[in-house]
Every structure is written in structure tokens, then in C-alpha cells.
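Student: Take this structure first; my questions come after.
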Amino acid sequence: MNQQETHLNRARASLRQAMSWYGNLRKSGFDSELAGLVKPEIQLLTSNLNKLDYNVIRIAAFGLVSRGKSAVLNALMGQKILETGPLNGVTQYPRSIRWNPGGKVEVELIDTPGLDEIAGEARGQMAREVTRQADLILFVVSGDITRTEYEALLDLRKAQKPLILVFNKTDLYPDTDKKAIYANLQQLAAGSSMKPLKPDEIVMVAAEPAPMEVRVEYADGTEDYEWETLPPQIEQLQQTILTILNREGRSLLSLNALVQARDAEESIAYKTIELREKEAEDLIWQYAKYKALAVGLNPIAIFDVCGGIVADLALIRSLSRLYGLPMTGYKAGKLLKTILFSSGGLLLGELGSSFLLGFGKSAIAVTSSENPMNITAFAGTAVTQAGIAGYGAYSVGKAAQAYLEKGCSWGELGVSNVIEEILREVEPDTILYRLQQELGNW
């Protein structure tokens with residue numbers, strides 16, 4: 001199994017775990033208010049899992065009006081499916097078509113309206129939605145790139161998606177080449193935190209070459225002039241896309257699905273926290289009291305500490321039920337262990353103190369029949385131990401709350417963990433590696 005296949009399988013397993021966890025929100029009898037609030041996020045998780053199962057990579061074309069976005073996609077398809085024309089704004093809304101370039105992946109090409117022809121917030125919302133879905137972005141320009149186009153290009157690159165700059169209509173600009181465009185990109189990038197695109201991320205095409213007038217000589221010696229339509233010059237873009245798909249296509253697909261899943265889980269967590277904040281706080285305090293009483297009143301050393309651990313485990317499982325996340329006793333134990341060892345010794349110190357106080361309390365209890373004054377000492381020790389236990393329970397509850405609010409993003413198959421794994425394994429010559437170096441953590 002190659003690395004891309006491994007990334008795809010890990011991403012599928014991570015999203016299936018998330019769907020299993022959040023599946024409770026769709027069950028009848030569960031909190032209908034919360035289920036309604038997180039319905040869009042559940043649908044997004046489902047959509048991304050289906051996308052992984054069917055190996056569908058989405059490539060979106062952006063650009064200003066009349067740059068030839070639809071023509072570029074038609075040329076890739078080898079047939080005119082999307083409407084093109086001399087008038088501005090032929091494409092009024094995003095439209096997708098399927099393209100099978102060969103290999104193990106299906107490609108969905110997404111055509112979009114010109115970024116400068118949709119009003120204000122509607123334009124931003126459309127761009128964000130399509131960018132979120134896309135695994136690879138084509139930014140189409142024609143002629144020398146303008147500052148307006150480069151600002152739009154910067155906004156798209158901030159989305160942390162692989163991007164190819166497609167310089168279209170090169171048949172109209174024979175003197176313009178990659179070096180000139182690259183130099184302009186460097187100039188426009190001056191003072192910007194974003195690095196210019198690499199030369200191999202700039203592709204020159206003529207998706208719909210202008211008709212050329214040619215002279216026709218006939219057998220009888222007469223001649224005439226006709227307009228000849230030239231074939232698209234799209235091979236370089238096709239080869240660039242195929243290289244990316246073969247080299248890292250399934251890794252791109254996996255990473256984008258995981259990033260979207262992480263965003264969905266964060267949204268679910270935020271909505272759940274807002275709805276359940278007071279209940280969670282009350283629950284933590286309730287268990288802190290239970291643990292304090294259970295530990296403080298138990299006269300037998302070790303049993304009191306064991307009772308406290310049982311109370312912590314019960315608290316974790318109760319919080320998980322409150323957030324709609326199933327939690328087995330085994331998982332609760334693993335989470336408690338993680339919390340104890342990540343607390344910087346604070347909670348482990350609480351356990352050690354409780355053991356020592358428990359043994360002292362047991363010794364006092366044994367001798368209290370001989371010396372009634374020991375009852376006062378027993379009570380003082382019990383109160384101290386109860387206070388420490390109650391504080392420990394509250395600390396465990398708040399730490400567990402922080403973990404559970406992240407939903408499935410933590411743990412071996414957690415979304416954040418799998419994203420980090422994929423990025424650690426990215427090859428240096430890939431477009432994903434460049435993104436990671438340029439944009440930092442995903």
C-alpha cells in the first residue's frame with residue numbers, strides 16, 4: 001500500500017469515527033434543539049466521507065470576469081459543455097461537471113462567476129463556500145496580472161489550498177512568458193507576508209484561441225481567405241494537473257476532507273458549549289461534592305482513593321453523555337490517564353496526598369476506640385482529604401470538558417492527529433509541502 005492510499009484510509013477511518021460519535025445526535029429522543037443546531041455540520045461530515053469513499057477531487061476555477069475560466073474547463077474536458085461568449089458574466093453561479101482524466105480518482109471541475117461581478121458579501125460567501133469544497137484551485141488570468149487580481153489571488157491562497165495560476169489567452173500576448181509574470185508577481189508581493197508562486201505553479205494556455213485568417217489556394221490557381229479555428233493549447237495544464245493528481249491527489253483529498261471535518265467539529269463543539277455551559281458546570285460541581293464525601297468519609301485507606309477514581313471516571317462519562325459523545329469505561333480510563341499525566345504533576349500530587357492522608361486517617365480510625373481524642377484528628381484529616389479530592393474532581397472535570405469540547409479531534413484517529421500525520425509525511429517536492437512551509441500549521 002502506497003503513502004497516498006494510507007492517507008486516504010486514515011482519513012476515512014477518522015471521519016467514520018466522527019460519524020459514529022456524532023451519530024447520537026441523529027437518534028430519536030436525543031435533544032432535538034442541539035440536533036437541529038448541528039445538522040449542517042453533520043451533513044458536511046457525511047458529504048466529506050462520501051467524497052473520500054468515491055475518490056472525488058474537486059478543482060475550482062476562479063478569476064475576474066472574461067478571463068476564460070469556462071473556456072479553460074471546456075478545453076480540459078475536450079468538449080464545449082460550459083457556455084462561453086464575448087459578453088461579460090456568462091457564468092452566473094457555480095456549476096460543476098465531472099472529468100475523468102484517468103487513474104484512480106474522479107475529478108469534479110467547478111466553474112465560478114467572475115470575482116468582480118458579484119456584489120459585496122454575496123461574492124465573498126460564494127468564494128468561501130467553493131474554496132472550502134475545492135481540493136485544488138485554478139486562478140485564471142489573461143494578460144499581465146493586475147493588482148486587483150493579485151489581491152484576489154492572495155485571498156484564495158490564504159485558504160491554504162494548492163493553487164495553479166493559469167495564464168490564458170497567450171495567443172494574444174506572444175511576448176508574454178512565465179518569467180515576465182513571475183517578475184510581476186514578485187513585484188506585487190513586495191511587502192506582503194505571502195511568497196510569490198513558484199515558476200512551475202504558473203501554466204500558460206490558450207483555451208479558446210482567436211480565429212486566424214489563412215490563405216487558401218485552389219487547384220484552378222485562385223485563392224481566398226478564410227478564418228480558421230485553432231485547437232486549444234491546454235496540454236501543459238493537463239499535464240500539470242495529472243502530475244499533481246498522480247503524485248499527491250489522494251493526499252490532497254484526504255487533507256481537505258479532514259480540515260473540513262475539523263472545522264465542523266469545532267462548530268459542533270461551540271454550539272454544544274453554548275447550549276450546555278451551565279449544565280456542564282453544575283455537573284462538575286456535583287461530582288466534586290460526591291467525590292469529596294466519598295473520599296472524606298471512607299475510613300479505609302486505598303478504598304477511599306479508589307472511590308475517588310471511580311467518581312472521576314463517572315464524571316467523565318457523564319460529561320460525554322451531556323455533550324452527546326458516547327464514552328466507554330475503557331475510553332474514560334484512557335482519558336483520565338491522559339489528564340493525570342498532562343496536568344504537570346498537580347493531579348498526581350493530589351493522588352499521592354490522598355494516599356498519605358488516607359493511611360493516616362485509617363491509623364487514627366483504628367486507635368480512636370482507645371483514645372476518643374483521635375476522633376477530632378480523624379475529622380480534621382477527613383476534611384483536608386475531602387477538600388483535596390473535591391478540588392481534584394473539579395480539575396479533572398474541567399480538563400475532561402476541554403477534551404470533550406473538541407469532539408473527535410483528539411485521540412489516535414482524531415482529525416487533528418491524522419492531519420499532523422499526513423503533513424509529517426509530505427514529500428519535499430510536493431505542492432502540499434510548499435503550502436506547509438509557507439503557511440505554517442493547518
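The values are calculated or read from the model by the stated rules, or taken from the named source; none is laboratory data. No experiment lies behind these values; they were computed from the predicted model shown. Counting neighbours? That spans all protein chains shown, and the Cβs are built from the backbone with ideal geometry, glycine included.
Student: Quick check on my filter: what residues within segment 132-148 are assigned to a helix (DSSP H, G or I) and either in contact with a His (Cβ under 7 Å, 6 or more places away or on another chain) or at pLDDT 80 or above (or both)?
Tutor: Going residue by residue through segment 132-148, those that are assigned to a helix (DSSP H, G or I) are 132-133, 147-148.
Of everything in segment 132-148, those that are assigned to a helix (DSSP H, G or I) and either in contact with a His (Cβ under 7 Å, 6 or more places away or on another chain) or at pLDDT 80 or above (or both) turn out to be Arg132, Gln133.
Student: Moving to a separate point now. Checking Ser320 against (1) in contact with a Leu (Cβ under 7 Å, 6 or more places away or on another chain); (2) more than 30 Å from Val203 (Cβ to Cβ); (3) surrounded by 20 or more Cβ atoms within 10 Å (Cβ to Cβ); (4) at pLDDT 80 or above, which test does it fail?
Tutor: Answer for Ser320: the failing condition is (4).
Student: Would you please name the residue that is nearest to the chain's Cα centre (by Cα), looking only at residues in segment 215-232 that are among the hydrophobic types (A, V, I, L, M, F, W, C) and closer than 21 Å to Leu172 by Cβ?
Tutor: My answer is Leu230.
Student: Is there any pair linking a residue in segment 395-423 that is under 20 Å from Gln4 (Cβ atoms) to one that is among the hydrophobic types (A, V, I, L, M, F, W, C) and modelled with pLDDT of 80 or more, with Cβ under 6 Å and at least six apart or on different chains, and which?
Tutor: Pairs that qualify, where the first residue is under 20 Å from Gln4 (Cβ atoms) and the partner is among the hydrophobic types (A, V, I, L, M, F, W, C) and modelled with pLDDT of 80 or more, are Leu413/Ala13; Val415/Leu258; Val415/Ala261; Val418/Leu258; Ile419/Leu258; Ile422/Leu255.
Student: Hey, any hits in segment 84-106 for a residue that's modelled with pLDDT of 85 or more, surrounded by fewer than 23 Cβ atoms within 10 Å (Cβ to Cβ) and touching a Pro at 6+ places or on another chain (Cβ under 9 Å)?
Tutor: Among the residues of segment 84-106, not one is modelled with pLDDT of 85 or more, surrounded by fewer than 23 Cβ atoms within 10 Å (Cβ to Cβ) and touching a Pro at 6+ places or on another chain (Cβ under 9 Å), which makes the answer no.
Student: Next question. Starting from residues that are touching a helix residue (DSSP H, G or I) at 6+ places or on another chain (Cβ under 7 Å) and hydrophobic (A, V, I, L, M, F, W, C), keep the ones in segment 206-236 and report whichever is surrounded by the most Cβ atoms within 10 Å (Cβ to Cβ).
Tutor: Checked segment 206-236; the qualifying residue surrounded by the most Cβ atoms within 10 Å (Cβ to Cβ) is Ala207.
Student: If you scan segment 53-68, which residues turn out to be modelled with pLDDT under 90, surrounded by 15 or more Cβ atoms within 10 Å (Cβ to Cβ) and not polar (S, T, N, Q)?
Tutor: Matches in segment 53-68: Val56, Gly63, Leu64, Val65, Arg67, Gly68.
Student: Then there's this: Only one of Glu121, Glu151 is at pLDDT 70 or above and surrounded by fewer than 18 Cβ atoms within 10 Å (Cβ to Cβ); which?
Tutor: Glu151
Student: Any residue in segment 27-52 that's over 21 Å from Gly414 (Cβ atoms) and modelled with pLDDT of 75 or more: show its pairings with residues that are among the basic types (Lys, Arg) and surrounded by 12 or more Cβ atoms within 10 Å (Cβ to Cβ) at Cβ separation under 7 Å, as long as the two are six or more apart or on different chains.
Tutor: Ala35/Arg26; Leu37/Lys271
Student: Another question about this same structure. Consider Asp111 carefully, then state whether it is in the same structural domain as Arg95 (by TED's automatic domain parsing), at negative phi and at pLDDT 85 or above.
Tutor: When the stated conditions are applied, Asp111 passes them.
Student: Do we find a residue being at pLDDT 80 or above and either small (Gly, Ala, Ser) or not in a loop (DSSP other than H, G, I, E, B) (or both) anywhere in segment 176-196?
Tutor: No, the conditions are met nowhere in segment 176-196.
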